[in-house]
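Each remark here refers to the structure printed beneath this line.
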Amino acid sequence: MVMGKILRVFSGRDLWTGRMCVAVLSSLALLLWFDVDWCITTTFRAMSDPLMWLNTLVAALLMSIPYAAARRISVHVIWLTVVYGLLEANLMYCRTYLTAIPPASYLLVGNLSDFTASVTDSIRWYDWFGALTVVAAGWVMKRKAALRPRRPVARILLLSAVMALVSALWIMARGGFYAADDRLAQSCYYSTCGVPVYTLGGHIAYSLIDDSRRDATDHTPDIDRWIALHDSLVAVQELPADAVPRRNLVLIICESLESWPVEARIDGKEITPYLNSLLRDSTTLYAPNILTQVASGRSIDCQLLINCGLLPMNGQVYSMKYPSVTYPSLNKAMRERYGTKSYIFTCDKPITWNQQAIGRAFGYDSLIDRRAWRMDEMIGNPAKLSDGSFLRQSVELLRQGHIWPEGESRMLTFVTYSGHNPFRLPDNMVDPQFDMREKDLPRRLADYIAMAHYTDSQLHILIDYLRSRRDFDNTLVVIVGDHEGLAGDRNDFVKASSLVSAGQYTPLLILNPPVGGGSRVESVAGQIDIYPTLSAMLGLSGYFWHGMGQSLLDPDRGAYAVSMMTGEEVGDSAALTSRMLDMIRSARRISDAAIRSDYFKNQPLNGSD
């Protein structure tokens with residue numbers, strides 16, 4: 001008898017026919033479109049989890065409540081449109097960062113005006129199925145009878161509650177929501193499955209819980225233990241007695257430059273002839289297999305890795321949420337040792353990735369940004385200063401002498417932009433001897449190759465100036481890609497061209513090193529290994545912070561690295577001890593905790609004054 005009453009509450013022609021039924025089914029169709037679209041970019045493993053289907057159905061029922069309450073087609077269509085926009089935004093974000101939008105990043109929507117072309121380039125043809133679902137819902141509802149079911153909101157809520165209870169019990173059997181989702185997030189093969197399995201709302205809840213747990217915990221003992229383990233396993237590299245450490249550092253961070261174009265040819269023509277000429281120089285050290293280790297912060301994460309020897313945060317962009325904590329850095333170490341002043345040059349706005357605030361936290365004395373340049377040669381959409389004009393004007397500024405007087409110690413960082421997705425080079429800037437537009441390649445791949453060739457052709461402007469200075473012998477020049485550039489298109493491009501590497505590697509060229517000139521480091525390394533390498537070459541072994549990686553100069557360095565975007569482990573893990581593997585695999589968690597807890601605030605940062 002009781003069971004019969006319960007079934008009548010959940011069933012009934014009045015609830016499951018007519019427009020109410022369309023509201024539920026269209027909500028379910030939109031959410032399933034999102035799940036499939038997400039899995040196309042990541043992995044379909046989530047589709048094999050029954051919880052994904054159960055949670056998606058619960059979410060669809062809840063999405064139908066606005067119509068059940070208002071009983072107006074326009075309300076449902078507007079609501080579906082809003083949800084579609086949210087889902088589509090997360091899909092486009094996922095295609096670059098392989099995760100959903102962190103909650104704090106919703107506040108950064110204003111930054112999108114600087115990346116319009118990158119946003120539109122992330123759209124796929126099958127994204128329109130989501131929009132068609134919204135249109136179809138409105139069209140079908142108009143043709144269905146406007147039945148008036150009894151207490152639809154209460155009945156939908158009750159059914160949702162029963163199904164949610166089943167889901168909750170299932171999740172509890174997995175150790176609880178946070179533990180279950182965290183297990184997926186830390187998994188090598190399932191790290192992207194949390195969003196479809198626990199829904200986008202679950203992702204936001206997990207991120208907020210994760211933030212509160214991390215911020216409320218005293219991480220100091222864990223961090224201390226990790227650093228002690230690192231110090232016991234990784235020796236601080238000292239230069240030989242006859243090697244002279246460099247007193248100046250020039251860091252050139254090339255947007256989206258990968259390793260495979262370097263030394264590659266198309267139809268007998270070099271893609272990067274200038275970089276290739278630097279490789280032939282007996283004073284250049286080259287490491288082609290530096291694994292990209294940035295996360296959702298992309299370019300600004302690269303600065304954290306190189307300047308600070310720290311790994312990106314889990315689900316947060318450190319520069320946006322923690323711009324005021326204390327960071328150890330090469331800037332501060334050089335100031336402590338040599339009295340160095342440091343400057344960062346960029347053609348972006350100071351608010352992009354919060355560059356001005358985070359530059360100050362790293363110890364830069366000045367940010368020279370978009371406001372300093374003549375906008376005389378533009379690339380991209382929206383248009384920004386080309387690499388050629390950026391470097392020419394930078395050299396003009398340096399020649400004035402007030403930024404870098406001869407004989408004084410400096411650290412200069414140059415952040416290029418032209419290589420930013422979608423890699424469109426204006427026709428008047430295409431090298432007629434290297435025109436990729438008619439090549440039998442995917443358009444975006446051809447554009448990427450042409451842009452790499454362009455950036456390569458402009459680097460000599462700065463290098464020639466540096467070599468003309470009397471203090472060049474005391475200057476370490478580093479050229480590096482900030483991160484991989486092909487994102488979700490990599491697999492297709494690997495199939496389209498044998499030139500493209502399946503690995504997410506960026507090049508590292510070090511000009512004028514005190515040791516290692518003329519050598520190549522072919523073994524796998526991570527971007528985290530750049531900090532200790534430069535620290536050794538600059539004679540900064542006395543600085544308290546030695547970074548989380550291993551110097552390329554270390555003969556005992558293990559050829560092994562972990563991607564922060566995919567969780568992929570690359571290199572020879574069999575050659576490492578279990579303690580070393582545990583140290584490397586836990587490094588991101590420790591770095592995240594150190595930033596959140598402002599761990600370095602009480603460390604001997606003499607160079608921060």
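At-a-glance table
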read-out: Selection from segment 5-53 of residues that are at pLDDT below 90 and of a type in the set (Asp, Glu); value: Asp14
read-out: Segment 260-301, residues that are closer than 25 Å to Phe472 by Cβ and among the hydroxyl-bearing types (Ser, Thr, Tyr); value: Thr272, Tyr274, Ser277, Ser282, Thr283, Thr284, Tyr286
read-out: Residue list for segment 195-234, restricted to those being among the aromatic types (Phe, Trp, Tyr) and modelled with pLDDT under 90; value: Tyr206
read-out: Qualifying residue in segment 542-563 (condition: farther than 30 Å from Tyr364 by Cα and among the β-branched types (Val, Ile, Thr)); value: no
read-out: Residue within segment 462-476 that is crowded, with 20+ Cβ neighbours inside 10 Å, more than 28 Å from the chain's Cα centre (by Cα), of a type in the set (D, E, K, R) and in the same structural domain as Ala295 (by TED's automatic domain parsing) present; value: no
read-out: Failed criterion for Glu238 (all others in (1) modelled with pLDDT of 95 or more; (2) in the same structural domain as Tyr343 (by TED's automatic domain parsing) hold); value: (1)
read-out: Residue in segment 180-188 that is farther than 19 Å from Ile209 by Cβ, outside any helix (DSSP H, G or I), touching a helix residue (DSSP H, G or I) at 6+ places or on another chain (Cβ under 7 Å) and modelled with pLDDT under 80 present; value: no
read-out: Enumeration of residues in segment 572-596 that are surrounded by fewer than 19 Cβ atoms within 10 Å (Cβ to Cβ), touching a residue at least 40 places away in the same chain (Cβ under 8 Å) and small (Gly, Ala, Ser); value: Ser586
read-out: Pick from segment 424-448, criterion among the hydrophobic types (A, V, I, L, M, F, W, C) and out of contact with any Lys or Arg (no Cβ under 7 Å at 6 or more places or on another chain), ranking: farthest from Gln355 (Cα to Cα); value: Leu441
read-out: Selected residue [under 30 Å from Ala168 (Cβ atoms), surrounded by 20 or more Cβ atoms within 10 Å (Cβ to Cβ) and of a type outside the set (Asp, Glu)] from Ser256, Ser212, Ser207; value: Ser207
read-out: Qualifying residue in segment 536-546 (condition: of a type in the set (Gly, Ala, Ser) and closer than 25 Å to Asp592 by Cβ); value: no
read-out: Segment 464-490, subset in contact with a strand residue (DSSP E or B) (Cβ under 7 Å, 6 or more places away or on another chain) and in a helix (DSSP H, G or I), residue nearest to Ser386 (Cα to Cα); value: Leu466
read-out: Exclusive hit being over 27 Å from Thr43 (Cα atoms) and in the same structural domain as Met334 (by TED's automatic domain parsing), set Gly567, Gly558; value: Gly558
read-out: Residue selected from segment 63-83 under the condition surrounded by fewer than 19 Cβ atoms within 10 Å (Cβ to Cβ) and among the hydroxyl-bearing types (Ser, Thr, Tyr), by the criterion farthest from Ser27 (Cα to Cα); value: Ser74
read-out: Identity of the residue in segment 252-301, part of a helix (DSSP H, G or I) and among the hydroxyl-bearing types (Ser, Thr, Tyr), that ends up farthest from Val317 (Cα to Cα); value: Ser277
read-out: Sole exception among (1) part of a helix (DSSP H, G or I); (2) surrounded by 18 or more Cβ atoms within 10 Å (Cβ to Cβ) for Pro149, by number; value: (1)
read-out: Filter result for Thr284 (in contact (Cβ under 8 Å) with a residue 24 or more places away in the chain, within 17 Å of Thr455 (Cβ to Cβ) and hydroxyl-bearing (Ser, Thr, Tyr)); value: no
read-out: Selected residue [surrounded by 12 or more Cβ atoms within 10 Å (Cβ to Cβ), out of contact with any Asp or Glu (no Cβ under 8 Å at 6 or more places or on another chain) and either at positive phi or aliphatic (A, V, I, L, M) (or both)] from Ile379, Ile368; value: Ile368
read-out: Which listed residue, of Leu509, Leu459, Leu476, is at pLDDT 95 or above, more than 19 Å from Val262 (Cβ to Cβ) and among the hydrophobic types (A, V, I, L, M, F, W, C); value: Leu476
read-out: Lone qualifier among Phe414, Phe423 - being at positive phi and aromatic (Phe, Trp, Tyr); value: Phe423
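Residue-wise test of (1) touching a helix residue (DSSP H, G or I) at 6+ places or on another chain (Cβ under 8 Å); (2) among the polar types (S, T, N, Q); (3) surrounded by fewer than 21 Cβ atoms within 10 Å (Cβ to Cβ).
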| site | (1), (2), (3) |
| --- | --- |
| Ile510 | yes, no, no |
| Ala525 | no, no, no |
| Ala536 | no, no, no |
| Pro555 | no, no, yes |
| Ala561 | yes, no, no |
| Met565 | yes, no, no |
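The values are calculated or read from the model by the stated rules, or taken from the named source; none is laboratory data. None of these values were measured; they are calculated from a predicted model. A quick note on method: Cβ atoms are made from the backbone with ideal geometry, for glycine too, and the neighbour counts reach across all protein chains shown.
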